[in-house]
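Shown next, in structure tokens, is the structure this report addresses.
Quick note: the coordinates plus some simple rules give every number you see, no bench work behind them. Predicted model only: the values in this text are computed from it and were never measured. In this analysis, Cβ positions are derived from the backbone assuming ideal geometry, glycine residues included, and neighbour counts consider all displayed protein chains.
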Amino acid sequence: MLLTGVASAALAGCGHPSVRFLKSGRIADKASGFSEPSGLSLAEEADQFLSVSDDTSALFMLNLDGRLETPPDAIVEVKELEGVVFDPVGNRILAVSESAAGILVIGPRSGEPELVLLDDMLGYKLIRKILKTSDSNDGLEGIAIDSERDRVYLLKEKRPRLLLELSMDLTEILRVRELTPALGFVDDDQSDRHLDVSGLTLDAPTGCLWIVSDRAERLFLFDPSGSSPTRSYALGWLDGDKPREVPHAEGVAHDARSERLYIVNDNGKASRLFTYEILRDGAGQ
């Protein structure tokens with residue numbers, strides 16, 4: 001199954017990749033507390049994933065087939081973890097807490113977890129009013145790192161959808177962008193009010209961002225520099241020979257070496273890990 005993207009204007013920096021479905025497998029493990037996958041990242045060893053489940057205050061390790069390594073890799077005190085990323089430069093793990101409106105920093109290995117709140121950062125005034133007036137369920141979701149550009153990216157889910165750019169030391173909010181319909185964040189079946197963004201990962205070759213939407217069952221490729229338009233893909237997979245949509249996508253991770261894109265969804269006991277191949281510049285079409 002090939003997911004071909006639709007762009008909102010002439011193409012530039014992000015290119016025009018296609019995304020091909022390869023395989024999927026179930027990953028939920030209620031006994032271990034891993035029943036609501038809400039974030040995904042390649043780990044320090046690229047043959048493993050870090051993941052979080054928003055009903056459990058813990059970090060989990062999975063292999064590339066989605067098999068859970070038990071017990072949880074780390075138990076933390078922060079609730080409602082909605083995204084996770086490994087920072088290879090800082091040798092640390094960053095996890096997003098929706099309820100705390102902050103980032104949990106774990107590492108180096110001997111360090112104690114530290115919660116860094118957005119309202120302690122320089123530039124918080126850019127989003128103070130929005131966060132104070134937003135529904136608590138429309139808060140922070142995914143997190144990604146671009147170490148070449150010294151940026152940490154955060155998503156705010158909806159009403160409004162926001163992309164936050166933070167300094168690598170997590171002391172300053174550098175920029176806030178609303179992910180508007182004019183930027184390509186649209187879906188035929190979702191109003192602008194209900195269209196959400198639920199996870200993101202860096203596309204390392206281009207510096208663009210892969211962003212998933214739970215409600216729209218859609219994948220976006222967004223250029224934070226603004227030099228190329230957003231591409232949009234309807235998320236699908238094959239259940240045997242039967243095409244199906246991907247409901248409740250929550251986490252996404254890109255492996256630049258293998259050009260694999262991995263997505264987890266929060267679908268109860270039917271939660272899955274989906275594996276896709278990225279085909280650059282229309283290869284495979």
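Values computed for the structure shown
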| item | result |
| --- | --- |
| 31 Å Cα-Cα threshold exceeded, pairs from Lys30/Lys242; Lys156/Lys269; Lys30/Lys129; Lys30/Lys156 | Lys30/Lys129 |
| Three-way shape label, region 179-229, alpha-carbon gyration tensor, a/c 1.5 | oblate |
| Eligible aspartates and glutamates near Lys23 by straight Cα distance, threshold 14 Å, same-chain separation 8 or greater | Asp65, Asp239, Asp241, Glu245, Glu277 |
| Ascending count of other beta-carbon atoms within 10 Å, so fewest first, for Val176, Val96 | Val176, Val96 |
| Tensor-based shape of region 195-285 (alpha-carbon gyration tensor, a/c under 1.5 rounded, otherwise prolate or oblate) | prolate |
| Cα gyration tensor shape of region 234-278, rounded if a/c is under 1.5, else prolate or oblate by comparing a/b with b/c | oblate |
| Listed residues Pro113, Pro224, Pro243, most fluctuating in the chain (Gaussian network, C-alpha, under 10 Å) | Pro243 |
